[in-house]
Amino acid sequence: MRQVTYSPAYTIVPTYECFNRCTYCNFRTDPSESPSMSLSAAESILTKLQEQNICEILILSGEVHPESTRRQAWFQLIYDLCELALFMGFLPHTNAGPLSFEEMEKLKNVNVSMGLMLEQITPELLKTVHKHAPSKLPEVRLQQLQWAGELQIPFTTGLLLGIGETEADWWETLEAIAEIHQRYHHIQEVILQPHSPGSQQTFDAAPFNPHQLPQVIFNAREILPLDIAIQIPPNLVKEDQWLLACLEAGARDLGGIGPLDEVNPDYPHIQEQALKEILHSAKWKLVPRLPIYTQFDGWLSGKLENSVKKWRNWQKKG
């Protein structure tokens, strides 16, 4: 039976505050509306998760401006949350927007992998949906992919489809990812995320047509090296037949699945058992994975490598 993977995950949000104002965003709040999560609150959440077979803790944060006087405290909180998650037996994966080289280097010590959506590399979106989003500069995001490679950080990136880009932009963005990966061999997944309108956004556009997604996946599979997995979010592909068509086209991962999709809160995750039933009907087997792919285990420090080994051993027994 063919296999498709997913990560049993839970998302912790240090803050929803963000200095960007992307018009399609359903996540951010203004600084005054989003107190930072405390370590004690996080510990309480993580304690409850210890009996739930959750492996990945996704630290997903809004962005504090790089020059803000609060940047250091924001970064320290992210670091401390990762360290706490590790101590409590989980595997952290951080996506907190663009970071400095030094910040990425430090977080490598408490994360088994990291991520940042490239979205689209066309500068045209800086005139529209990213007009008030300074950290969405394509060169800034491409720099993150390069630094991750230099630091040997297993990395996840991806495209957001249907935010005003052209079809040619998709292929150009995928080619840029492929080119960086061919230098460093560090990208484990590329997410193809269809724009799915939410209740908070101001961007007035239709959802990305899910019927187009299999062809995009097929073309992406032709462009990307074979050691990069293509990931799709199943909660954003509403019809079972189109979800299965995406797998037939070359998608092999369904991402982190937990109680809530923080980025798309209007679209509940399809939970494990329901997904298994959908997939089994077409002879696909749903298999849990860690937030780090096996080929990258040797990049980890001894402490992180031991944590990953424990999870791999537990999965074998399961």
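Quick note: the coordinates plus some simple rules give every number you see, no bench work behind them. Computed from a predicted structure; not experimentally measured. Here the Cβ is made from the backbone with ideal geometry for all residues, glycine too, and neighbour counts use every protein chain on show.
Here are the numbers:
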| item | result |
| --- | --- |
| For the range 2-308, size of Cβ-based charge dipole, Lys and Arg +1, Asp and Glu -1, in debye | 340 |
| Rel. contact order, % - alpha carbon contacts under 8 angstrom, at least six apart, the range 2-308 | 24 |
| Part-to-part distance (alpha-carbon centres) for the range 49-98 and the range 210-244, which is given in Å | 28 |
| Nonlocal amide H pairs with Glu17, under 5 Å, H built at 1.01 Å | Thr29, Gly62 |
| Furthest towards positive pole of dipole, Asn209, Leu160, Gln241, structure part the range 160-251, Cβ charges | Gln241 |
| Within straight-line cross-link reach of Lys136, lysines at Cα separation under 21 Å, skipping those fewer than 8 residues along the same chain | Lys127 |
| The chain - Cys residues lacking any other Cys C-beta under 4.7 Å | Cys18, Cys55, Cys82, Cys246 |
| Reachable aspartates and glutamates from Lys108, criterion Cα separation under 15 angstrom, eight or more residues apart if same chain | Asp80, Glu83, Glu150, Asp297, Glu305 |
| Amide H contacts under 5 Å for Thr5, placed H, 5+ residues apart | Asp253, Leu254, Val287 |
| Entries in Lys106/Lys310; Lys285/Lys316; Lys106/Lys303 that, when Cα-Cα distance is taken, lie over 18 Å | Lys106/Lys310 |
| The chain: calculated mean residue ellipticity at 222 nm from DSSP helix runs of at least 4, using -39500 (n - 2.57) | -11000 deg cm²/dmol |
| Kirkwood Rh in Å, taken over all unlike Cα pairs in the chain | 19.8 |
